[in-house]
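First the structure, in the form of structure tokens, and then the observations on it.
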Amino acid sequence: MPLPYVLLSAAVSLDGYLDDTGPERLLLSGPADFDRVDGVRASADAILVGAGTIRSDNPRLLVGSAERRAARRAAGRPEYPLKVAVTGSGDLDPAARFWHTGGDKLVCTTDQGAVRAARLLGNTADVVPFGPVLDWRALLEHLHDVRGVRRLMVEGGGTVHTQLLRQGLADELQLALAPLFVGDPAAPRLFGPGPYQGGRLRLLETRRIEDVVLMRYAPTAPGSGPDATAADRHWLRTACELAALCPPSRTAFSVGAVVVAADGTELARGHSREGGDPVVHAEEAALAKTDPADPRLSGATVYSSLEPCARRASRPAPCAELILRAGVRRVVTAWREPDTFVEAADGTGVLTAAGARVVVLPELEELAKAPNAHLPG
């Protein structure tokens, strides 16, 4: 199911702390960075925090700029983003500023927590349970499908950031690094221990803001199971964009493909009719650039804007077979092949019969179809 774009936002000390243990909140950045955060809030459809952050910081989480609020209204959006609180227990302070400022409020909780939250808050906020243990993917699907959230800003705390990153659900991390140390092991840290997705994150931007440095990162490591991660969506979007590079044809699809190792390293990319070859397919072009002996291929993912072909007249081996020969056992695609040129094409069936996993992301289907709009059907 489609998910919102999830942006994690935090300010930390040089030694990775969100706050100290003093009675007042530690201000890690200054006016210019606070204004930047206000702009990010204004761009979001919803702002999410954990119940611990509401208890410790008592935030309002508003868009402070009157100009930005006016721009939201002019665009037909609510003056303030939806405010979302996440709690397992439902233990929420009904007097907190979070509930009495801004626009609509939503509590996402467990089955047990919903009873307590509804009793404490009354009609102050909508309360939605997501199972005996809070299911983050179901929560994000609800925000997207029911609440219309396309861009979600997450402002903490550390437990929430950790869970979203560890589950591969964060599309971007915006980290403001403050030039000071906390040094107190009892203080809250940004990320907790435990297994994270492997590989290096992709650096999107660095920017100096007064004495603070903003760093923006995105995950790159593919998923390993049937559920797509944020990195899977990024790489498949890249494959769809590669399809736009294809020389147009009336007799073949325009397709893009990327081969990515388990640690997020791009091994190769290609697109249909690349290099002047009128019949080369995208997956074929990409795999031809890899070393067949590369041990990373067995753990790699092939991202293809169109389902890999199961039959073709122009070459002896279809792309599904080439993928299997390369040792790749995971494929992510946006669009199942229609009957335009081959009836009952079923590359997915060929791949899954051989033990490969195929993940389809229909939310990117229109992007995959765009370079093929001139074709019949």
Residue list for the stretch 10-67, filter: of a type in the set (K, R) and either assigned to a loop (DSSP other than H, G, I, E, B) or more than 20 Å from C108 (Cβ to Cβ) (or both): R25, R36, R60
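Rundown of residues vs (1) at pLDDT 95 or above; (2) within 23 Å of L3 (Cα to Cα); (3) within 15 Å of the chain's Cα centre (by Cα); (4) surrounded by 15 or more Cβ atoms within 10 Å (Cβ to Cβ), yes/no style:
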{"residue": "E210", "(1), (2), (3), (4)": "yes, no, no, no"}
{"residue": "L236", "(1), (2), (3), (4)": "yes, yes, yes, yes"}
{"residue": "C240", "(1), (2), (3), (4)": "yes, yes, no, yes"}
{"residue": "A268", "(1), (2), (3), (4)": "yes, no, no, yes"}
{"residue": "H271", "(1), (2), (3), (4)": "yes, no, no, yes"}
Qualifying positions in the stretch 344-377 - within 22 Å of the chain's Cα centre (by Cα) and of a type outside the set (G, A, S): R357, V358, V359, V360, L361, P362, E363, L364, E365, E366, L367, K369
Every pair of residues 6+ apart whose Cβ atoms lie under 8 Å, when the first sits in the stretch 136-162 and is assigned by TED's automatic domain parsing to the domain that holds A44 and free of Cβ contacts under 8 Å to residues at least 24 places away in the same chain while the second is crowded, with 18+ Cβ neighbours inside 10 Å and aromatic (F, W, Y): A138/F130
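This table checks each residue for (1) surrounded by fewer than 23 Cβ atoms within 10 Å (Cβ to Cβ); (2) touching a His at 6+ places or on another chain (Cβ under 9 Å); (3) closer than 23 Å to H234 by Cβ; (4) not aromatic (F, W, Y).
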site	(1), (2), (3), (4)
D277	yes, no, no, yes
E283	no, no, yes, yes
A288	yes, no, no, yes
S298	yes, no, yes, yes
P308	no, yes, yes, yes
R311	yes, no, no, yes
D339	yes, no, no, yes
G355	yes, no, no, yes
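Can you report the number of residues in the stretch 94-110 which are surrounded by fewer than 17 Cβ atoms within 10 Å (Cβ to Cβ) and either of a type in the set (S, T, N, Q) or modelled with pLDDT under 95 (or both)?
Residues in the stretch 94-110 being surrounded by fewer than 17 Cβ atoms within 10 Å (Cβ to Cβ) and either of a type in the set (S, T, N, Q) or modelled with pLDDT under 95 (or both): 2 in total.
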Flag if T301 is over 24 Å from G377 (Cβ atoms), hydroxyl-bearing (S, T, Y), in the same structural domain as A262 (by TED's automatic domain parsing) and touching a Lys or Arg at 6+ places or on another chain (Cβ under 8 Å): yes
Selection count where residues are part of a helix (DSSP H, G or I), in contact with a strand residue (DSSP E or B) (Cβ under 8 Å, 6 or more places away or on another chain) and not acidic (D, E), scope the stretch 86-111: 2
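Please specify each residue of the stretch 38-54 satisfying the condition of being touching a residue at least 40 places away in the same chain (Cβ under 8 Å), of a type in the set (G, A, S) and more than 11 Å from E155 (Cα to Cα).
Across the stretch 38-54, the qualifying residues are S43, A44, A51, G52.
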Boolean, D57 is at pLDDT below 95 and surrounded by 17 or more Cβ atoms within 10 Å (Cβ to Cβ): yes
Helices (runs of 4 or more DSSP H) fully within the stretch 261-372 counting 1 or more residues that are basic (K, R): 319-325, 365-369
Yes/no for V332 being touching an Asp or Glu at 6+ places or on another chain (Cβ under 6 Å) and at pLDDT 95 or above: yes
Breaking point among (1) out of contact with any Cys (no Cβ under 8 Å at 6 or more places or on another chain); (2) under 13 Å from V86 (Cα atoms); (3) modelled with pLDDT of 95 or more, for G157: (3)
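The values are calculated or read from the model by the stated rules, or taken from the named source; none is laboratory data. In this text, all values refer to a predicted model and were calculated from it rather than measured experimentally. Backbone-built Cβ (ideal geometry, glycine too); neighbour counts: all protein chains shown.
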